[in-house]
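Chemist: After the structure tokens below, expect a handful of questions from me.
The values are calculated or read from the model by the stated rules, or taken from the named source; none is laboratory data. These numbers were taken from a predicted model, which means no experiment stands behind them. Cβ atoms come from the backbone with ideal geometry, glycine included; neighbour counts cover every protein chain shown. Note: accessible area is taken over every heavy atom of the protein model, side chains too, but ligands, DNA and RNA are not part of it. Shrake-Rupley method; radii C 1.70, N 1.55, O 1.52, S 1.80 Å.
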Amino acid sequence: MSDHAADKALEDRLIDFLQHSPSPWHATTNLAARLEAAGYRPLKETDSWKLSLGKKYYVTRNDSALIAFQLPDSSLEAMRMVGAHTDSPALRLKPQPAIVNKGWLQLGVQVYGGALLAPWFDRDLGIAGRVHVRRADGTLQGVLLNVAEPVAIIPSLAIHMDREANNGRALNAQTQMAPLMMQGGDAPDFDRLLKQWIEHEHAIEVADIVDFELGFYDVQPPARVGVNGEMIASARLDNLLSCFIGVEALLAADGRQGALFVANDHEEVGSASACGAQGPFLADVLRRVNSALGEPGDEGFVRLIQRSLMISCDNAHAVHPNFTDKHDPNHGPSLNAGPVIKVNASQRYATNSATGALFHEICREAGVPVQQFVTRADMGCGSTIGPITATELGVPTIDVGVPQFGMHSIRETAGSRDPAYLIRALKVFFDRPELAID
């Protein structure tokens, strides 16, 4: 396959993954299916694990977080780890969302994460997530739901009624963000529609909707954008792009070293959950792996962690041509110019000079360009799972990511060549016999 054909195939896989992953539960299901097709064996946390050197496994938690790992072909000395997260800012439905107002059925929402609200107006919205139902035979069952049709919209208020709209105004998520769904509808219609959608998607007869975790999403499909296809535009690039990149790199690895990919949930709301980076999911898996194949006891586990390395992958802010003053003059990453090392003196990113130097070396070995990002000294800085994972495990960690525009918008933009760059770098990392820096 030519380089151009390989790049096109990679972009096609990315676009397909993004389009079919409208929620963390769908993303995790799709990642698991890709891993299983490549020979990774599923594990359950409630089972006793029998692990073998040279084998490949994956495990999920809450159906929204995933850890996949390949065990080395010889002794377990270290784990080369890459981390990302499955969740993205969104509008999530309230438990009793139905609102009837001026002849319209609307659905009340909660803002999940630090979402940019203005881009949600005038978008064709579908609904996706997880629903627990009571079937007609009385059994409880959890199912995924993806209503990939424009079933709702949040119309803008006309400029004639808000002459100051273009001068900037605060948006009230309680009173101004409820999507319109059905004219002439009543509150019970939402429950009826949910049952119809589930029966249609899963061919099961639903007696009752017991509970759900659902959100709206833009049904506009991902696309290549630009005269030469320089950009990928899609919802949820932060951070499904890193999930895709991490799994692609893991599947491309030679399988000789200990390597692991973790996709946590709930990063956008602080990571404090059983399946978030602040929770015990990763530590639980690593302790079980070490117990089966590593040095025994607490000391053996600490030695494994300190011989390992975590690369936290979360997208970086590319310098926006229309807002160049928002970047430090010497640290403005460009699209299609390679992965970005993210640095913050206040530890909002986990990078230090040792881990940064190692990633520079990895990129050099991979023949990949590398960039750096530092927030302006007079602006606040976001964070990632990197510092949280480093704090919870004590593992040496670096924060990197591909550059993008419009982070936390309903539709974001990244460079079409950058995913391949980072995959190449992470493959070198997964295959590297040595991680230590003298």
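Chemist: Please enumerate the residues belonging to segment 200-222 that are within 30 Å of ASP12 (Cα to Cα), open to solvent by 30 Å² or more (accessible area, probe 1.4 Å) and not in a loop (DSSP other than H, G, I, E, B).
Modeler: Kept after step one, since they are within 30 Å of ASP12 (Cα to Cα), are these residues of segment 200-222: 200-203, 213-222.
If we keep only those that are open to solvent by 30 Å² or more (accessible area, probe 1.4 Å) too, we end up with 200-203, 213, 219-221.
Passing the criteria: HIS200, GLU201, HIS202, GLU213.
Chemist: Regarding segment 361-369, can at least one residue be identified that is in a helix (DSSP H, G or I), modelled with pLDDT of 95 or more, surrounded by fewer than 20 Cβ atoms within 10 Å (Cβ to Cβ) and touching a helix residue (DSSP H, G or I) at 6+ places or on another chain (Cβ under 7 Å)? Break it down stepwise before answering.
Modeler: Step one: list which residues in segment 361-369 are in a helix (DSSP H, G or I), which gives 361-366.
Imposing the further condition that a residue be modelled with pLDDT of 95 or more reduces the set to 361-366.
So of that shortlist, the ones also surrounded by fewer than 20 Cβ atoms within 10 Å (Cβ to Cβ) come out as 361, 364-365.
Restricting the remaining residues to those that are touching a helix residue (DSSP H, G or I) at 6+ places or on another chain (Cβ under 7 Å) gives 365.
Scanning segment 361-369, I find at least one residue that is in a helix (DSSP H, G or I), modelled with pLDDT of 95 or more, surrounded by fewer than 20 Cβ atoms within 10 Å (Cβ to Cβ) and touching a helix residue (DSSP H, G or I) at 6+ places or on another chain (Cβ under 7 Å), so the answer is yes.
Chemist: For LEU250, work out the one condition from (1) open to solvent by less than 30 Å² (accessible area, probe 1.4 Å); (2) among the aliphatic types (A, V, I, L, M); (3) part of a loop (DSSP other than H, G, I, E, B) it doesn't fulfil.
Modeler: So the condition that LEU250 fails would be (3).
Chemist: Give GLY142, GLY108, GLY114, GLY129 a once-over and let me know the one that is open to solvent by less than 70 Å² (accessible area, probe 1.4 Å), of a type outside the set (A, V, I, L, M, F, W, C) and out of contact with any Lys or Arg (no Cβ under 9 Å at 6 or more places or on another chain).
Modeler: When all the criteria are applied, what remains is GLY114.
Chemist: Return the pairs, sorted by first residue and then second, in which the second residue is open to solvent by 20 Å² or more (accessible area, probe 1.4 Å) and at pLDDT 95 or above, the first residue lies in segment 51-74 and is under 16 Å from GLU267 (Cα atoms), the beta carbons are less than 6 Å apart, and the residues are 6+ apart or on different chains.
Modeler: LEU66/THR60
Chemist: Listed residues LEU309, LEU293; which is among the aliphatic types (A, V, I, L, M) and farther than 29 Å from ALA420 by Cα?
Modeler: LEU293
Table: residues versus (1) over 20 Å from ILE305 (Cα atoms); (2) free of Cβ contacts under 8 Å to residues at least 24 places away in the same chain; (3) of a type in the set (Phe, Trp, Tyr).
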{"site": "GLY338", "(1), (2), (3)": "yes, no, no"}
{"site": "SER346", "(1), (2), (3)": "yes, no, no"}
{"site": "SER353", "(1), (2), (3)": "no, yes, no"}
{"site": "ALA357", "(1), (2), (3)": "no, no, no"}
{"site": "ILE388", "(1), (2), (3)": "no, no, no"}
{"site": "GLY394", "(1), (2), (3)": "no, no, no"}
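Chemist: Output the number of residues of segment 278-331 satisfying the condition of being under 27 Å from CYS381 (Cβ atoms), open to solvent by 80 Å² or more (accessible area, probe 1.4 Å) and part of a loop (DSSP other than H, G, I, E, B).
Modeler: 6
Chemist: Considering each residue of segment 31-43, count those that are closer than 21 Å to VAL143 by Cα and open to solvent by 50 Å² or more (accessible area, probe 1.4 Å), and give that number.
Modeler: 4
Chemist: Can we say ALA118 is hydrophobic (A, V, I, L, M, F, W, C), under 26 Å from the mean Cα position of the chain (by Cα) and at negative phi?
Modeler: Details: hydrophobic (A, V, I, L, M, F, W, C): yes; under 26 Å from the mean Cα position of the chain (by Cα): yes; at negative phi: yes.
Here the answer is yes, as ALA118 does meet what is asked.
Chemist: Could you please find all residues in segment 332-352 being closer than 18 Å to ALA425 by Cα and either aromatic (Phe, Trp, Tyr) or surrounded by fewer than 20 Cβ atoms within 10 Å (Cβ to Cβ) (or both)?
Modeler: Of segment 332-352, the ones closer than 18 Å to ALA425 by Cα are 333-342, 351.
Of everything in segment 332-352, those that are closer than 18 Å to ALA425 by Cα and either aromatic (Phe, Trp, Tyr) or surrounded by fewer than 20 Cβ atoms within 10 Å (Cβ to Cβ) (or both) turn out to be SER334, ASN336, ALA337.
Chemist: Tell me whether segment 9-29 contains one or more residues that are modelled with pLDDT under 95, over 30 Å from GLN176 (Cα atoms) and open to solvent by 40 Å² or more (accessible area, probe 1.4 Å).
Modeler: No, every residue in segment 9-29 fails to be modelled with pLDDT under 95, over 30 Å from GLN176 (Cα atoms) and open to solvent by 40 Å² or more (accessible area, probe 1.4 Å).
Chemist: Being touching a Ser or Thr at 6+ places or on another chain (Cβ under 8 Å), of a type outside the set (D, E, K, R) and not in a loop (DSSP other than H, G, I, E, B) narrows it down to one of ALA148, ALA152, ALA128, so name that one. Show your work before the answer.
Modeler: Numbers: ALA148 fails: touching a Ser or Thr at 6+ places or on another chain (Cβ under 8 Å); ALA152 fails: touching a Ser or Thr at 6+ places or on another chain (Cβ under 8 Å).
Sole residue among the options that is touching a Ser or Thr at 6+ places or on another chain (Cβ under 8 Å), of a type outside the set (D, E, K, R) and not in a loop (DSSP other than H, G, I, E, B): ALA128.
Chemist: Sort out which residues of segment 254-276 are assigned to a loop (DSSP other than H, G, I, E, B) and open to solvent by 10 Å² or more (accessible area, probe 1.4 Å), and write them in order of number.
Modeler: If the condition is that a residue be assigned to a loop (DSSP other than H, G, I, E, B) and open to solvent by 10 Å² or more (accessible area, probe 1.4 Å), then ASP254, GLY255, ARG256, GLN257, HIS266, GLY270, ALA272, SER273, ALA274 are the ones that fit.
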